[in-house]
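Data block below; observations after.
The values are calculated or read from the model by the stated rules, or taken from the named source; none is laboratory data. As the structure is a computational prediction, the values presented were derived from the model and not from experiment. For neighbour counting, all protein chains shown are included, and Cβ atoms are generated from backbone atoms with ideal geometry for every residue, glycine included. The area values use the complete protein model at the heavy-atom level, side chains included, leaving out ligands, DNA and RNA. Shrake-Rupley method; radii C 1.70, N 1.55, O 1.52, S 1.80 Å.
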Amino acid sequence: YTAKSGRNTAVIFDEAALARRLEQNQLSLALVLAADRDEFVVHYQPKVDLATGMHLGFEALVRWQHPELGLLPPGRFLPLMEGTQLIRGMTRAVIATVGRDLDAWKRAGLVPGTISINLPEVLLVNEEGYNLFVETILANRLEWHDFAVEITEDVFLNRSADQILDTVARFREHGLSVSLDDFGTGFASLVHLRDFPFDELKIDRSFVTGIGSDARSEQIIRAMVDLSRNLGKRCVAEGIETDAQRRFLLEVGCEVGQGYLFGKPEPVDQAGERLPRQSGGVKRLAAVGSGRR
Ligand code: C2E
Ligand code: MG
Ligand code: MG
Ligand code: MG
């Protein structure tokens with residue numbers, strides 16, 4: 001009889017865990033409304049040429065301006081979106097914002113370079129992601145090569161790999177560069193590297209952090225840079241915080257970098273202040289290959 005046996009069982013009531021759970025639930029509820037309420041904000045972090053420090057473009061990084069909690073980093077809310085459709089509305093908001101910001105920068109005579117968008121797999125398995133770019137490009141008189149796309153290795157777990165390949169091939173046919181993000185931390189196998197058409201390999205910050213202190217991280221970075229070069233891909237390192245890290249990466253042949261050393265993610269106005277004016281040339285992060293395999 002359950003009620004009786006229950007008396008002998010110690011019920012562990014973890015108040016802290018419950019409080020956390022309630023907080024997450026409240027956050028999830030507010031998140032449902034965030035896109036409609038225009039609460040998603042885009043910050044821009046520069047990508048630079050490691051040798052010269054020249055500005056090449058920005059990565060667009062989403063934040064959530066929560067009405068009470070303030071500006072929240074993606075680590076606080078992206079996990080709550082997993083398995084929901086909310087990430088679609090958020091991505092729509094991010095791309096629309098970037099389109100308007102690009103237009104404003106260009107009108108002001110500034111040269112923003114290429115803006116990289118983190119594109120989740122739900123927008124790659126059908127036409128939605130592709131169409132979002134078409135809409136934004138038309139609405140703001142932009143060009144395909146104003147944008148680049150970053151995709152994490154998780155997409156390789158998806159059953160619709162063929163559709164994803166299709167979307168990626170279409171992007172590249174338009175000259176939009178496709179980047180494999182957080183390389184070495186997820187599920188990419190060498191087979192994927194062989195079969196997946198991309199332009200850029202992004203070395204994850206967890207390896208860059210080890211430069212100067214962890215010989216293994218350094219060796220793995222060397223191997224990744226060699227691999228990307230031999231495959232004809234551009235190599236980008238993220239999370240560069242020191243000049244020693246920058247010099248090491250340059251020495252082993254990595255050309256492009258991103259990190260606090262060059263600039264933190266900043267709101268649109270601040271980011272605009274670092275942009276060169278139209279007369280000075282800015283290199284583009286163009287697609288390396290030519291579309292379909
Ligand atoms: P990610 O795409 O790998 O972006 C790089 C992250 O590293 C960013 O964190 C950036 O602020 C951080 N970072 C860059 N340089 C440094 C550095 O020198 N030191 C340190 N400590 N950190 C550095 P953030 O903005 O918190 O974004 C975290 C992740 O959230 C991103 O990782 C990306 O996976 C995801 N994310 C961000 N924005 C979007 C978005 O618009 N859409 C989607 N789907 N995901 C996004
Ligand atoms: Mg990224
Ligand atoms: Mg990354
Ligand atoms: Mg990362």
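In the complete set of protein chains, residue-level accessible area for Arg247 is approximately 120 Å², probe 1.4 angstrom. When only alpha carbons are used to place a centre, region 58-90 and region 262-278 end up 22 Å from one another. Can you pull the percent of the chain's accessible area that's carbon plus sulfur, 1.4 Å probe, other chains left in place? Its accessible area is 51 percent carbon and sulfur atoms. Between amide H atoms placed 1.01 Å from N, distances below 5 Å from Gly57 occur with Lys47, Thr114, all of them 5 or more places distant or on a separate chain.
The accessible area of His192, taken with all protein chains in place and a 1.4 Å probe, comes to roughly 50 Å². Each residue of region 108-113 was assigned a 3J(HN,Hα) from its phi angle through the Karplus expression (A = 6.51, B = -1.76, C = 1.60, θ = phi - 60°), giving 7, x, 9, 10, x, x Hz with x at Gly and Pro. Please find, in a Gaussian network model of the chain (springs between Cα atoms separated by less than 10 Å), the residue of Pro197, Pro73, Pro267 whose mean-square fluctuation is greatest. So, out of Pro197, Pro73, Pro267, the one fluctuating most is Pro73. Annotation: amide H-H contacts under 5 Å for Leu201 (H modelled 1.01 Å from N, sequence separation of 5 or more, or interchain): Leu180, Arg234, Cys235, Val236. The fraction of all Cα pairs in region 58-135 landing in successive 5 Å bins from 0 to the largest distance is 3, 13, 22, 23, 18, 13, 6, 1, 0, given as whole percents.
Put simply, when 253-259, 128-134, 76-82 are sorted by average Cβ atoms within 10 angstrom per residue, most first, you get 253-259, 128-134, 76-82.
DSSP finds beta bridges in the chain, and of those with both partners inside it, around 45 percent are antiparallel.
Of the residues Trp144, Trp105, ranked by 1.4 Å probe accessible area with the largest first, the sequence reads Trp144, Trp105. Using the 1.4 Å probe convention, the accessible area of the chain works out to 52 Å² per residue with neighbouring protein chains retained.
For region 35-137, the antiparallel share of DSSP beta bridges with both residues in that region comes to about 80%. Of all the options Phe156, Phe187, Phe13, the one that moves most in a Gaussian network model of the chain with Cα springs shorter than 10 angstrom is Phe13. Shape class for region 137-275: oblate, because the ratio a/c of the largest to smallest gyration tensor axis (alpha-carbon atoms, square roots of eigenvalues) is 1.5 or more and b/c is at least a/b. Shown for the chain are the DSSP H helices of 15 Å or more along their axis, judged by Cα atoms, with a mean Kyte-Doolittle hydropathy of at least 0.5: 128-139. Normalised by residue number, the volume inside the convex hull of the Cα atoms of the chain is 183 Å³ per residue.
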